[in-house]
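These notes concern the structure reproduced below.
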């Protein structure tokens, strides 16, 4: 063996041995409204993870500073990799996540259901803050997780407006239901009716103000305004629906394909079949409820205004299942994927759908904003991109498939 080759072999072996001695740290954070429990674990190659320290901090700015000092104190090697993991607990985790991100920590945020399933796989039957923090630290140590990146401040501002509007609309509905109830009482004080009517009027004024504010917010932002022009030709799809989708998906930045988006919104199909048993096939609904709520209103408008091909999709699904809600859900999913495709391709919606000579769907031409060529066969009212009849016999599992 030559001297140069021997030196190279020795250097490679040294790097491998050094890598084997590398220490990895993971920090699990179980967060509630006023405090959070921290569990720091360390692991060397080919060794089990050990708990280095645990402590409870206040969920405020002073607690965040104490957490930074505590991490620096217990990390023997400042260059050692550290993974911080927490659950998405409503809004109580966001302030801490932003602080850690600004301090250049590697942050992971997971859904509570995923953490729960992981704890169950470990055989843990009890549940408390300490156990959850330990389990999260183990999860960060053993699994490859996606790094969390916060939304832009404009998107967060838009999300606060859309969610406030949703809350006011629900409040108005509650007041109207109460007003409807008291008007049918045999004996009721007139002041109660006047009070409820006054509350309804006040809430409606605030709703109108928020709607105008959201619309101005979209038109003022050059990027959002240009994206809205891509979908504004879709009849029945308003600026409020567009604003909610953008706010809840961070401008579709988190998704690489339509499948991820459908799962995030809770439109993914769940089967219940084992052996000879065939249960009910339905959507999971384990996703963003704000998206499904606003998309239902958009789907309802599609049917009301008789917008094709969504109306044809509604009729086809309803004729097969005799369930109106399934037909509406099919429209919601198709419309969501359509908006996603237009956004990603930066293409303007074109109502003139195209068909290939074989009669099959051409997904690329569905969202084409360019001119129609002379050799292109344009779909008529009776032969739109969403056909009245399926080209083949499809199983019920394909109920919500998107062309």
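The values are calculated or read from the model by the stated rules, or taken from the named source; none is laboratory data. Treat the numbers as computed from the prediction; the structure is a model and nothing was measured. All Cβ positions, even for glycine, are placed from backbone atoms using ideal geometry, and neighbour counts span all protein chains on display.
Worth a mention:
- Condition met for residue 105 (free of Cβ contacts under 8 Å to residues at least 60 places away in the same chain and over 14 Å from residue 35 (Cβ atoms)): yes
- Some residue of the range 150-162 being closer than 15 Å to residue 294 by Cβ, loosely packed, with under 13 Cβ neighbours inside 10 Å and without any contact (Cβ under 8 Å) to a residue 40 or more places away in the chain: no
- Any hit, the range 295-316, residues being assigned to a strand (DSSP E or B), crowded, with 18+ Cβ neighbours inside 10 Å and at pLDDT below 90: no
Here's the yes/no breakdown for (1) surrounded by 13 or more Cβ atoms within 10 Å (Cβ to Cβ); (2) under 19 Å from residue 300 (Cα atoms); (3) at pLDDT 90 or above:
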{"position": "336", "(1), (2), (3)": "yes, yes, yes"}
{"position": "343", "(1), (2), (3)": "yes, no, yes"}
{"position": "351", "(1), (2), (3)": "no, yes, no"}
{"position": "365", "(1), (2), (3)": "yes, no, no"}
{"position": "370", "(1), (2), (3)": "no, no, no"}
{"position": "374", "(1), (2), (3)": "no, no, no"}
{"position": "378", "(1), (2), (3)": "no, no, no"}
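- From the options 252, 228, residue that is assigned to a loop (DSSP other than H, G, I, E, B), surrounded by 13 or more Cβ atoms within 10 Å (Cβ to Cβ) and outside the structural domain of residue 345 (by TED's automatic domain parsing): 252
- Residue 358 being within 25 Å of residue 226 (Cα to Cα), out of contact with any helix residue (DSSP H, G or I) (no Cβ under 7 Å at 6 or more places or on another chain) and at pLDDT below 90: no
- Lone qualifier among 268, 208, 221 - being farther than 30 Å from residue 351 by Cβ and either out of contact with any strand residue (DSSP E or B) (no Cβ under 9 Å at 6 or more places or on another chain) or in the same structural domain as residue 301 (by TED's automatic domain parsing) (or both): 208
- Residue in the range 107-119 that is closer than 30 Å to residue 222 by Cβ and in a helix (DSSP H, G or I) present: no
- Sole residue being over 23 Å from residue 306 (Cβ atoms) and modelled with pLDDT under 95, chosen from 240, 219, 199, 230: 219
- Residues that are free of Cβ contacts under 8 Å to residues at least 12 places away in the same chain and either part of a strand (DSSP E or B) or under 18 Å from the mean Cα position of the chain (by Cα) (or both) were ranked within the range 73-93; the one that is surrounded by the most Cβ atoms within 10 Å (Cβ to Cβ) is 90.
- Residue match in the range 160-173 (condition: over 30 Å from residue 247 (Cα atoms) and outside the structural domain of residue 290 (by TED's automatic domain parsing)): no
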